[in-house]
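The values are calculated or read from the model by the stated rules, or taken from the named source; none is laboratory data. All values derive from a computational prediction rather than experimental measurement. Every residue, glycine among them, receives a Cβ derived from its backbone with ideal geometry; neighbour counts consider all protein chains shown. Heads up: the accessible areas ignore ligands, DNA and RNA and are worked out on the full protein's heavy atoms, side chains in. Shrake-Rupley method; radii C 1.70, N 1.55, O 1.52, S 1.80 Å.
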Amino acid sequence: MATTSRLTTPFTARTTATEILDGVDLVGRRMIVTGGASGIGTETTRALAGAGAEVTVATRAPGRAAALVEEFAGPGPGSVRAAALDLADLASVDSFVATWDGPLHALVGNAGIMAIPTRQLTSVGWELQLATNYLGHFALARGLHDNLRAAGSSRVVLVSSGAHLREEVDFDDPQFERRPYDRWVAYGQSKTAEVLLAVGIAQRWAADGVTANALNPGYINTELQRHMDDEALRGFGVLDEAGKRIDLPYYKTPAQGAATTVLLAASPLVETVTGRYFDDNQEAEVVTDKEAPGGVAAHALDPATADRLWTYAEQALASR
């Protein structure tokens, strides 16, 4: 989506999620964070609830959010609850949507999986990374559209990745039914799809008061790397010979990694911004070089591609 100028903020790559919301009052705001029981999802939830929001952690294992729920159980305006949601299981998505009542001020699509070594399929035959990272979030956002509209002013935030730079969506074979499966190609494709989902929502739901943006949280050591073996982790330089994780100089803490998410979900600085992609709390530069070290790929912001992907997702859901 073309913009006349890149939006900048006073924050840096080292700003934490809590610092983003310093002085921001979220009392009365209702928000959902998928995958909010671990990693940057937990820090996202903590910052939003700490500013007064009512946050629902949507996760496959609600029990894992027990400590976070307890943390906000005492006196204070913010609160946290946990609810079951498996983005790869459309029945679970439908059930979650059916139980949500009332307005929704922010939907944060944080949950994701990365680099599954072999091609795995959901119960309806979808490749697992595309299903979890994109199609599940598409179904969730579409199912909660009326709730987002009811809020009067609401936001959808999609946590993507710099991996989107190298992979476009292969509309001829998005599920790897014919081409050889490659876990990094599949991951990158799913992350491009998430950015395109933000563009698609921006094009369709603006009149309903809904904005949508995507982001790259940066490099953080979290459970997202759980499908990578030791050899792969050593290849990335984040595991020593003794099997201990290494935080490289450019790695962020989970609280820093959650900052851009929180900026887009709740900061007044981006209240009307939509259809864009952020990195390190700034709007990213559009790049066309797939080997670029950063920025946002032009193919991920293309309105026509976003339309085509939206149609694909609708057809996929209709034929499940």
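Charging the Cβ of each Asp and Glu at -1 and of each Lys and Arg at +1, and nothing else, the dipole of the stretch 17-319 about its Cα centre rounds to 440 debye.
Between Asp289 and Arg149, 0.36 nm times their residue separation minus their Cα-Cα distance comes to what? Intermediate values should be presented prior to the final figure.
Values: separation 140, 0.36 × 140 = 50.40 nm, distance 3.70 nm.
Length difference between fully extended and current span is 46.7 nm.
Accessible surface computed residue by residue for the stretch 144-207, with neighbouring protein chains in place and a 1.4 Å probe, gives 35 Å² per residue.
With contacts taken as Cα pairs under 8 Å and at least 6 residues apart, the chain reaches a relative contact order of 21 percent. Label-to-label distance for Ala73 and Gln315 is 4.9 nm, based on points extended 7 Å past Cα in the beta-carbon direction. Note that the chain, at 37 °C in a medium of 0.692 mPa s, gets a Stokes-Einstein diffusion coefficient of 169 µm²/s from its Kirkwood radius over C-alpha pairs. Since only Tyr187, Ser154, Val270 are under comparison, the one whose Cα sits farthest along the positive direction of the charge dipole of the chain, derived from C-beta charges on Lys, Arg, Asp and Glu, is Ser154. Taking Lys and Arg as +1 and Asp and Glu as -1, the other residues whose beta-carbon sits under 11 Å from that of Arg155 total 0.
Using a simple spin-label model with pseudo-atoms 7 Å out from Cα toward Cβ, Leu269 and Ala304 lie 3.5 nm apart. Rounded to the nearest 0.05, what FRET efficiency is calculated for Arg14 and Tyr181 with R0 set to 25 Å and r the Cβ-Cβ distance? For R0 = 25 Å, the calculated efficiency reads 0.10. For the charge dipole of the stretch 1-104, defined by +1 on Lys and Arg C-beta atoms and -1 on Asp and Glu C-beta atoms about the Cα centroid, which residue among Ser95, Ala17, Ala51 has the Cα displaced farthest towards the positive pole? Toward the positive end, the furthest listed residue is Ala17. Treat each spin label as a single point 7 Å out from the Cα along the C-beta direction, and report the Arg119 to Asp172 distance in nm. With each label point 7 Å from Cα toward Cβ, the separation is 1.5 nm.
Would you kindly state how much longer the chain becomes between Val27 and Asp101 on full extension, computed as 0.36 nm times their sequence separation minus their alpha carbon distance, in nm to one decimal?
Values: separation 74, 0.36 × 74 = 26.64 nm, distance 1.79 nm.
Contour length minus the Cα-Cα distance gives 24.9 nm.
Among Arg46, Arg204, Arg155, the largest mean-square fluctuation in a Gaussian network model of the chain, built with springs joining Cα atoms closer than 10 Å, belongs to Arg204.
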